[in-house]
Amino acid sequence: MSYNTFGRVFRFTTWGESHGPALGAVVDGCPPGIALTEADLQPWLDRRRPGQSRFTTQRREPDQVRILSGVFEGRTTGTPISLMIENVDQRSKDYSDVALAYRPGHADYAYDAKYGFRDYRGGGRSSARETAARVAAGAVARLVVPQVRVRAWVEAIGGDAIDPATFDDVAIDANPFFCPDPAAAARWEEKVDAARKAGSSLGAVVVCEATGVPAGWGAPLYAKLDSELAAACMSINAVKGVEIGDGFAAAALSGEQNADAMRPGADGPAFLANHAGGIAGGIATGQPIRVRVAFKPTSSILTPVETVTREGGATEIATKGRHDPCVGIRGVPVVEAMVALVLADQALLHRAQCG
């Protein structure tokens with residue numbers, strides 16, 4: 001069977017394809033009485049919307065979201081909230097070659113091997129277009145946990161990283177890369193332009209930090225907060241790696257180096273470090289929750305790559321159409337949405353067990 005639903009209490013299901021008439025999400029388990037209109041959702045979708053700069057796909061989609069159910073007189077009713085986003089700028093003819101041969105690095109062959117049939121127009125469900133529905137659902141989740149601030153940015157593109165010493169939160173929304181380092185953003189302009197003009201693409205690393213998460217959210221063992229976050233972020237198309245806190249770097253530390261030492265504080269322990277990324281034993285410690293997400297280079301590129309046809313013959317493919325030269329850039333609002341969705345779910349789980 002296929003899994004299109006995520007969450008335990010606060011659950012969402014996405015539906016639709018890249019070149020279908022529409023896509024969307026159904027959010028279930030949202031508490032009643034929360035003020036909600038399209039105006040609460042649209043700003044988050046606008047951050048992800050394609051075609052806003054030359055560094056993203058030039059597909060022109062307004063991504064206007066409509067609320068079809070679950071809201072009455074401006075407030076949630078406790079019933080499923082159905083969200084819809086129409087597709088208005090599909091160019092399915094660009095994918096005629098993809099119908100005959102598989103794009104290496106994309107899900108074409110894997111979908112065909114599983115189902116014996118696939119929607120080759122833009123990749124169908126495997127397209128990054130699907131993430132628009134996640135961002136819409138994530139906007140609802142933010143309203144469930146208004147005390148939490150979820151903020152993400154691009155840390156590196158094509159192996160070129162920011163300088164943490166020059167981190168500027170205001171700069172994140174002041175450039176097309178969601179970059180907190182203006183100098184790095186200037187370098188990335190040339191880097192992404194060069195990849196685009198060469199018919200290639202670049203990978204990226206996105207960092208997301210959630211502040212205001214109280215100690216106690218999460219659960220031991222099989223519903224750990226960090227495992228839920230990892231699963232949520234790994235489910236994003238093009239993501240190939242997720243770290244919590246120091247992640248793999250923790251393996252190179254000694255025990256005393258990795259320990260998040262504590263001292264008495266006014267409202268509980270005062271931590272002297274946050275190597276664990278705000279989570280211990282699967283449960284939030286009250287520190288900022290920190291997640292790093294690695295996006296691979298976009299698989300749809302103009303550079304010819306060796307592949308095979310559906311019949312098994314050798315060929316080459318150069319993907320036409322409009323594609324992100326670095327899909328990780330627009331991955332920033334998607335990672336934020338998935339983190340918000342997990343935290344909303346964990347908040348309700350915590351309330352259900354502990355009151």
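The values are calculated or read from the model by the stated rules, or taken from the named source; none is laboratory data. In this text the structure is predicted, and so the values were computed from the model without any measurement. Please note: Cβ atoms are built from the backbone with ideal geometry, for glycine as well, and neighbour counts cover all protein chains shown. We work out accessible area using only protein heavy atoms, side chains counted, and drop any ligands, DNA or RNA first. Shrake-Rupley method; radii C 1.70, N 1.55, O 1.52, S 1.80 Å.
Say we look at region 4-26 and pick out the residues that are within 21 Å of Ala231 (Cβ to Cβ) and over 17 Å from the mean Cα position of the chain (by Cα); which of these is surrounded by the fewest Cβ atoms within 10 Å (Cβ to Cβ)?
Within region 4-26, the match that is surrounded by the fewest Cβ atoms within 10 Å (Cβ to Cβ) is Arg8.
For region 27-44: of the residues being in a strand (DSSP E or B) and either among the hydroxyl-bearing types (Ser, Thr, Tyr) or out of contact with any Phe, Trp or Tyr (no Cβ under 6 Å at 6 or more places or on another chain) (or both), which is surrounded by the fewest Cβ atoms within 10 Å (Cβ to Cβ)?
For region 27-44, the residue satisfying everything is Ala35.
Pick from Gly105, Gly51, Gly122: which is modelled with pLDDT under 85 and out of contact with any Phe, Trp or Tyr (no Cβ under 7 Å at 6 or more places or on another chain)?
Going through Gly105, Gly51, Gly122 in turn, just one is modelled with pLDDT under 85 and out of contact with any Phe, Trp or Tyr (no Cβ under 7 Å at 6 or more places or on another chain): Gly51.
Which condition does Asp173 not pass, out of (1) of a type outside the set (Gly, Ala, Ser); (2) under 15 Å from Val332 (Cα atoms); (3) in contact with a Phe, Trp or Tyr (Cβ under 9 Å, 6 or more places away or on another chain), if it passes all the others?
Of the numbered conditions (1) of a type outside the set (Gly, Ala, Ser); (2) under 15 Å from Val332 (Cα atoms); (3) in contact with a Phe, Trp or Tyr (Cβ under 9 Å, 6 or more places away or on another chain), the odd one out for Asp173 is (3).
Within the bounds of region 243-254, is there any residue that is among the hydrophobic types (A, V, I, L, M, F, W, C), touching a residue at least 40 places away in the same chain (Cβ under 8 Å) and not in a strand (DSSP E or B)?
no
Here are Gly218, Gly278, Gly265: which of them is surrounded by fewer than 20 Cβ atoms within 10 Å (Cβ to Cβ) and not acidic (Asp, Glu)?
Gly265
Scan region 323-355 residue by residue and report those that are within 10 Å of the chain's Cα centre (by Cα) and either assigned to a helix (DSSP H, G or I) or basic (Lys, Arg) (or both).
If the condition is that a residue be within 10 Å of the chain's Cα centre (by Cα) and either assigned to a helix (DSSP H, G or I) or basic (Lys, Arg) (or both), then Arg330, Gly331, Val332, Pro333, Val334, Val335, Glu336, Ala337, Met338, Val339 are the ones that fit.
Is there a residue being within 18 Å of Arg290 (Cβ to Cβ), open to solvent by 30 Å² or more (accessible area, probe 1.4 Å) and touching a residue at least 60 places away in the same chain (Cβ under 8 Å) anywhere in region 179-199?
No, every residue in region 179-199 fails to be within 18 Å of Arg290 (Cβ to Cβ), open to solvent by 30 Å² or more (accessible area, probe 1.4 Å) and touching a residue at least 60 places away in the same chain (Cβ under 8 Å).
Name the single residue that is modelled with the lowest pLDDT among those in region 236-249 being closer than 22 Å to Pro104 by Cβ and open to solvent by 30 Å² or more (accessible area, probe 1.4 Å).
So, considering only residues that are closer than 22 Å to Pro104 by Cβ and open to solvent by 30 Å² or more (accessible area, probe 1.4 Å), the one modelled with the lowest pLDDT is Asn237.
Considering only region 316-351, state which residues are open to solvent by 10 Å² or more (accessible area, probe 1.4 Å), at pLDDT 95 or above and of a type in the set (Gly, Ala, Ser).
Result: Ala347, single match.
Say whether the condition of being within 30 Å of Val98 (Cβ to Cβ), of a type in the set (Asp, Glu) and in a loop (DSSP other than H, G, I, E, B) is met by at least one residue in region 256-268.
no
Considering only residues of region 81-102 that are under 21 Å from Asp63 (Cβ atoms) and modelled with pLDDT of 85 or more, which is most open to solvent (accessible area, probe 1.4 Å)?
Looking at the filtered set, the residue picked out is Glu86.
From the list Val135, Val98, which residue is in contact with a helix residue (DSSP H, G or I) (Cβ under 8 Å, 6 or more places away or on another chain) and closer than 25 Å to Met338 by Cα?
Only one candidate qualifies: Val135.
Which one is farthest from Ile283 (Cα to Cα), of the residues in region 196-220 that are in contact with a Cys (Cβ under 7 Å, 6 or more places away or on another chain) and among the hydrophobic types (A, V, I, L, M, F, W, C)?
It comes out as Leu202.
Could you look through region 292-315, keep only residues that are in contact (Cβ under 8 Å) with a residue 40 or more places away in the chain, farther than 30 Å from Gly278 by Cα and not in a loop (DSSP other than H, G, I, E, B), and pick out the one that is most open to solvent (accessible area, probe 1.4 Å)?
Top of the filtered list is Glu306.
What's the number of the condition Ala141 fails, among (1) crowded, with 21+ Cβ neighbours inside 10 Å; (2) at pLDDT below 95?
(2)
Could you please find all residues in region 215-242 being among the hydroxyl-bearing types (Ser, Thr, Tyr) and either closer than 23 Å to Ala204 by Cβ or touching a residue at least 40 places away in the same chain (Cβ under 8 Å) (or both)?
Result: Ser227, Ser235.
Identify the single condition in (1) open to solvent by 20 Å² or more (accessible area, probe 1.4 Å); (2) touching a Phe, Trp or Tyr at 6+ places or on another chain (Cβ under 8 Å); (3) assigned to a strand (DSSP E or B) that Glu155 does not satisfy, given that it satisfies every other one.
So Glu155 meets the others, but not (2).
Could you list all residues from region 64-85 that are over 15 Å from Gly16 (Cα atoms), of a type outside the set (Lys, Arg) and assigned to a strand (DSSP E or B)?
Residues satisfying the conditions are Ile67, Val71, Phe72, Thr76, Ile81.
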